[in-house]
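Have a look at the structure below, then the notes.
Every read-out reported here was derived from the displayed coordinates using simple, explicitly stated rules and does not represent laboratory data. This structure is a prediction, so every number in the text was calculated from the model and none was measured. In this analysis, Cβ positions are derived from the backbone assuming ideal geometry, glycine residues included, and neighbour counts consider all displayed protein chains.
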Amino acid sequence: MNNKDQSVVNALSVDESWRVFRIMAEIVDGVETLGSLPKCVSIFGSARAKPGDAMYNATEEIAKLLVQAKLGVITGGGPGLMEAGNKGATEANGTSVGLHIHLPAEDHPNPYVKTRCDFRYFFARKLMFVKYATAYVVMPGGLGTLDELFEAIVLVQTGLIHKFPIVLYNSEYWEGLIDWIRDKMVSYGYVRQDEVDLITMANTPEEVRDIILNAVDNLPE
């Protein structure tokens, strides 16, 4: 290896070392910013939904009902259904948190975020979603929504976090996925039926609220 190649290797090693500190800084900032939150519910869903859409309106209503029940709302802080969740929480004068990830399509958080954390690393952001949530509400969404959903299921399934409600909104949207899990994963023996039962489906904002409130008093602090 010549001197030029060695210099490149050294520069990459230094950059990797500093990346560790940047990750640590994101986690520390998240803990310090969110540590005094009341009990919160993390709401996930598509960034591509538009104001006035049925799912946008439902997400806004869910957030309002949760705030009226003395719970805060955490979203990814972006547009679409994340915006709807923050809007509902803010307009109900409740805790409205946005965990904003820096992406080309989501350069700025939505205007309804009252408490904000910024992230460049998805795994640091997902840690905050789990750490400060007493329930997950998963609205219709795309790949990012599925990522958050299955992350939570695996953590509960493996006992790495306490069991909490994981509520899928709109059974028409989700039932094909759940049927596939039962028909394929359970029948092959890769997933147990009781693990599928970690997921609950709801079809009205009031049903979401009631499922969470029925469980939240029994959750550990």
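Each Lys or Arg adds one and each Asp or Glu takes one away; over the other residues whose Cβ falls under 14 Å from the Cβ of F21, this sums to -1.
Each residue of the stretch 84-97 was assigned a 3J(HN,Hα) from its phi angle through the Karplus expression (A = 6.51, B = -1.76, C = 1.60, θ = phi - 60°), giving 4, x, 5, 5, x, 5, 5, 5, 8, 6, x, 6, 10, 10 Hz with x at Gly and Pro. Charging the Cβ of each Asp and Glu at -1 and of each Lys and Arg at +1, and nothing else, the dipole of the chain about its Cα centre rounds to 440 debye. On full extension, the segment bounded by W180 and R19 gains 54.0 nm, given 0.36 nm per residue less the C-alpha separation.
Put simply, the C-alpha atoms of the stretch 171-221 give a gyration tensor, and the ellipsoid matching it has half-axes of 25, 16, 5 Å, longest first.
Calculate the tail of P(r) for the stretch 46-171: the fraction of all Cα-Cα distances greater than 27 Å, expressed in %. Spell out each step's value before the answer.
Numbers: 795 of 7875 pairs.
Percent of Cα pairs beyond 27 Å in the stretch 46-171: 10.
So what's the angle, to the nearest 10 degrees on a 0 to 90 scale, between helix 122-131 and the longest Cα principal axis of the chain? Helix 122-131 sits roughly 40 degrees off the main axis of the chain.
Enumerate the aspartates and glutamates that K87 could reach by cross-link, defined here as Cα to Cα under 13 Å, with residues fewer than 8 away along the same chain left out. Here the aspartates and glutamates satisfying the reach criterion relative to K87 are E60, E61.
Could you list the trypsin sites (Lys or Arg not before Pro) in the stretch 75-140 that lie in coil according to DSSP, counting only those with at most 15 other Cβ atoms within 10 Å of their Cβ? Passing both the DSSP loop test and the Cβ count: K114, R120. When Lys and Arg each count +1 and Asp and Glu each count -1, what net charge do the other residues less than 12 Å away from T145, Cβ to Cβ, add up to? For residues surrounding T145, the net value is -2.
Normalised by the number of residues in the chain, the average gap of Cα pairs under 8 Å and 6 or more apart makes the relative contact order 19 percent.
Nearest 10 degrees is fine. How inclined is helix 143-157 to the longest principal axis of the chain, computing both from alpha carbons? That helix lies at roughly 80 degrees to the long axis. Counting only DSSP H runs of at least 4 residues, each contributing -39500 (n - 2.57), and dividing by the residue count of the chain, the helix-based mean residue ellipticity at 222 nm comes to -16000 deg cm²/dmol.
Over all other residues within a Cβ to Cβ distance under 11 Å of K126, the charged ones net out to -1, with Lys and Arg as +1 and Asp and Glu as -1. Taking only the C-alpha atoms of the chain, Rg followed by Dmax gives 19.1, 67 Å.
For L198 and R48 in one chain, what is 0.36 nm times their gap in residues minus the Cα-Cα distance, to one decimal in nm?
51.3 nm
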